[in-house]
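Coordinate-derived values only; no laboratory data. Please read these numbers as outputs of a predicted model, since none were measured by experiment. Methodologically, a virtual Cβ is constructed for each residue, glycine included, from the backbone with ideal geometry; neighbour enumeration extends over all protein chains shown.
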Amino acid sequence: MLMSEREPVSVGEMLKQEFLEPLNITQGQLAEAMGVPRKHVNELCTNRRAVTADTALMLARVFGNSSDFWLNVQRRNDIWKALHSPERRQRIERARPVSRAA
């Protein structure tokens, strides 16, 4: 499993720097467009909430891109964090392939 040593861009960074700021949209406006509480959007922007399938579908609808885009940003971060956490890495490396019966 090859991963960069550089941490990928987080959902919050992507949301703020590539969407909210350039489009001059506030977190409150995004929350209203998504039909969620402002706290939900704030937690996304501060990386305290992960993107779920529902959230990805809402963000894609609001910004006119794909749900896969948002899920992939989340996935890259989840995998990077798992591989760069000593405890999680140790648990992952204990996993062994299943041998097939002849």
Report task. Kindly provide the set of residues from the stretch 57-68 that are among the hydrophobic types (A, V, I, L, M, F, W, C) and in contact (Cβ under 8 Å) with a residue 12 or more places away in the chain, ordered by number. Result -> 58, 59, 62, 63
Query raised in the report: If we keep just the residues of the stretch 55-102 that are among the basic types (Lys, Arg) and closer than 23 Å to residue 9 by Cβ, which is surrounded by the most Cβ atoms within 10 Å (Cβ to Cβ)?
Result: 76
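Matching residues to (1) closer than 25 Å to residue 6 by Cα; (2) not in a loop (DSSP other than H, G, I, E, B):
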site: 47; (1), (2): yes, no
site: 51; (1), (2): yes, no
site: 56; (1), (2): yes, yes
site: 71; (1), (2): yes, yes
site: 82; (1), (2): yes, yes
site: 91; (1), (2): yes, yes
site: 98; (1), (2): no, no
site: 101; (1), (2): no, no
Report summary line: Matching residues in the stretch 1-17 (part of a helix (DSSP H, G or I) and either within 14 Å of the chain's Cα centre (by Cα) or surrounded by 17 or more Cβ atoms within 10 Å (Cβ to Cβ) (or both)) number 6
Report task. Of the numbered conditions (1) assigned to a helix (DSSP H, G or I); (2) farther than 27 Å from residue 95 by Cβ; (3) within 11 Å of the chain's Cα centre (by Cα), residue 60 fails exactly one; give the number of that condition. Result -> (3)
**Report entry** Only one of 32, 43 that is within 21 Å of residue 7 (Cβ to Cβ) and not hydrophobic (A, V, I, L, M, F, W, C)
**Finding:** 43
Query raised in the report: Restricted to the stretch 24-50, and to residues that are hydrophobic (A, V, I, L, M, F, W, C) and touching a residue at least 12 places away in the same chain (Cβ under 8 Å), which residue is surrounded by the most Cβ atoms within 10 Å (Cβ to Cβ)?
Result: 44
